[in-house]
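Undergrad: Below is a structure I'd like to ask you about.
The values are calculated or read from the model by the stated rules, or taken from the named source; none is laboratory data. Model, not experiment: these values are computed from the prediction. Here Cβ is always computed from backbone atoms with ideal geometry, including for glycine, and neighbour counts include all displayed protein chains.
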Amino acid sequence: MIGDKIEIGAKIVRFVEVDSTNRIALSAQDYPSGTVFVAQSQTAGVGRRRRPWLSPEGGLYLTILLENLPEAIDYQKSAIVCGFCVAETCRAFAPNELFQLKWPNDVLVGGKKICGILAQNVVRGMFSRGAIGIGINLNPPSQELPPDLTDKAIFLAEIITETVDISSFERTLLDKIRETHQAPISKAFARLLPQINSVLFRRGELSSLEIRGQSAQNRILLIEEDCSLAIEDSSGNELRVSIGEFL
């Protein structure tokens, strides 16, 4: 029911390998809101705009099933909060590093991606279901990365120079996500927004953003309460960019 308390991770469903934990979550039947689907690897993981997400064994790939959140935007708020929880969990393992959120769906360290998050939701009448997919680079795969990813991706094990205990990382992460989802997600998002903006990637800096198919230099200001990104264009005008407008 709408407004009921969500217990994140009260039920965890584990797989050795699946095509996509998000697909499974969105199509699953008879699982309560808050169920977490975890896979050791994915064969067809995707990010925003259906871009492929490499998901070899050694990382953490999970999807949180959410149902009947009060507003459609709450699924995106949950995704951003989950991204912040990932950054905080990474910082618990590597306290001397700065883990940042790249709006709308990445966690970076040193400008390289360590985590991608994909929020998907479907609405049928009064019923809504969402999947918050999280893919985290923990331990490097046995095979080499494709050349186009070697300069863009980083693994937590490379930072701490030892193998990451995936189970320990998962427990810490789910504890943080569970804590943030005790209150309605809209309230949790509003409460955490100052902390989220404090680790916003390139905040106050000029960055090339592709918006509505056009690429331009804009100054990144902050994430707003409606999940949009406030930017300043070259003329000094302050604009808001919705997630749907961003490529």
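Undergrad: Condition (residue is out of contact with any Leu (no Cβ under 9 Å at 6 or more places or on another chain), in a loop (DSSP other than H, G, I, E, B) and under 23 Å from residue 204 (Cβ atoms)) applied to the range 108-117: is it met by at least one residue?
TA: yes
Undergrad: Further, regarding this structure: Looking at residue 182 and the list (1) in the same structural domain as residue 135 (by TED's automatic domain parsing); (2) modelled with pLDDT of 95 or more, which single condition is not satisfied?
TA: Looking at each condition in turn, residue 182 falls short on (2).
Undergrad: Tell me, please, whether a residue that is assigned by TED's automatic domain parsing to the domain that holds residue 157, assigned to a loop (DSSP other than H, G, I, E, B), farther than 25 Å from residue 165 by Cβ and small (Gly, Ala, Ser) can be found in the range 69-90.
TA: Within the range 69-90, one or more residues are assigned by TED's automatic domain parsing to the domain that holds residue 157, assigned to a loop (DSSP other than H, G, I, E, B), farther than 25 Å from residue 165 by Cβ and small (Gly, Ala, Ser).
Undergrad: Something else now. Of all residues being surrounded by 20 or more Cβ atoms within 10 Å (Cβ to Cβ) and under 27 Å from residue 35 (Cβ atoms) in the range 94-112, which is farthest from the chain's Cα centre (by Cα)? Just the residue, please.
TA: 99
Undergrad: Out of the residues in the range 70-93 meeting the condition of being crowded, with 19+ Cβ neighbours inside 10 Å and of a type in the set (Gly, Ala, Ser), tell me which one is nearest to residue 108 (Cα to Cα).
TA: Filtering the range 70-93 for residues that are crowded, with 19+ Cβ neighbours inside 10 Å and of a type in the set (Gly, Ala, Ser), the one nearest to residue 108 (Cα to Cα) comes out as 87.
Undergrad: Oh, and also: Taking residue 241 as the residue in question, decide whether it is among the β-branched types (Val, Ile, Thr) and in contact with a helix residue (DSSP H, G or I) (Cβ under 8 Å, 6 or more places away or on another chain).
TA: Numbers: among the β-branched types (Val, Ile, Thr): yes; in contact with a helix residue (DSSP H, G or I) (Cβ under 8 Å, 6 or more places away or on another chain): no.
So residue 241 fails the test.
Undergrad: Please indicate, with yes or no, whether at least one residue in the range 50-58 is modelled with pLDDT under 95 and within 14 Å of residue 134 (Cβ to Cβ).
TA: Looking for residues that are modelled with pLDDT under 95 and within 14 Å of residue 134 (Cβ to Cβ), one finds at least one in the range 50-58, hence yes.
Undergrad: Looking at the range 178-208, which of the residues that are more than 15 Å from residue 88 (Cβ to Cβ) and of a type in the set (A, V, I, L, M) is surrounded by the most Cβ atoms within 10 Å (Cβ to Cβ)?
TA: So, considering only residues that are more than 15 Å from residue 88 (Cβ to Cβ) and of a type in the set (A, V, I, L, M), the one surrounded by the most Cβ atoms within 10 Å (Cβ to Cβ) is 185.
Undergrad: Hey, another quick one. Provide a single number: the residues in the range 163-201 that are without any contact (Cβ under 8 Å) to a residue 60 or more places away in the chain and among the basic types (Lys, Arg).
TA: Result for the range 163-201: 3.
Undergrad: Mind listing whichever residues of the range 192-247 are of a type in the set (Lys, Arg) and touching an Asp or Glu at 6+ places or on another chain (Cβ under 8 Å)?
TA: If the condition is that a residue be of a type in the set (Lys, Arg) and touching an Asp or Glu at 6+ places or on another chain (Cβ under 8 Å), then 212, 219, 240 are the ones that fit.
Undergrad: Are any residues in the range 194-217 more than 23 Å from residue 98 (Cα to Cα) and either in the same structural domain as residue 110 (by TED's automatic domain parsing) or not hydrophobic (A, V, I, L, M, F, W, C) (or both), and if so, which ones? Can you show your working first?
TA: Here is the first cut: in the range 194-217, the ones more than 23 Å from residue 98 (Cα to Cα) are 210-217.
210, 212, 213, 214, 215, 217, listed by residue number.
Undergrad: I'd like the residue in the range 143-169 that is over 12 Å from residue 90 (Cα atoms), polar (S, T, N, Q) and at pLDDT 80 or above and, out of all such residues, is surrounded by the fewest Cβ atoms within 10 Å (Cβ to Cβ).
TA: Per the criteria, the residue is 161.
Undergrad: Give the range 200-219 a look and list any residue that's part of a strand (DSSP E or B), under 22 Å from the mean Cα position of the chain (by Cα) and over 16 Å from residue 242 (Cβ atoms), or say none.
TA: Answer for the range 200-219, where residues must be part of a strand (DSSP E or B), under 22 Å from the mean Cα position of the chain (by Cα) and over 16 Å from residue 242 (Cβ atoms): 200, 207, 208.
Undergrad: Considering only residues of the range 209-233 that are of a type outside the set (A, V, I, L, M), over 16 Å from residue 80 (Cα atoms) and at pLDDT 90 or above, which is surrounded by the fewest Cβ atoms within 10 Å (Cβ to Cβ)?
TA: 217
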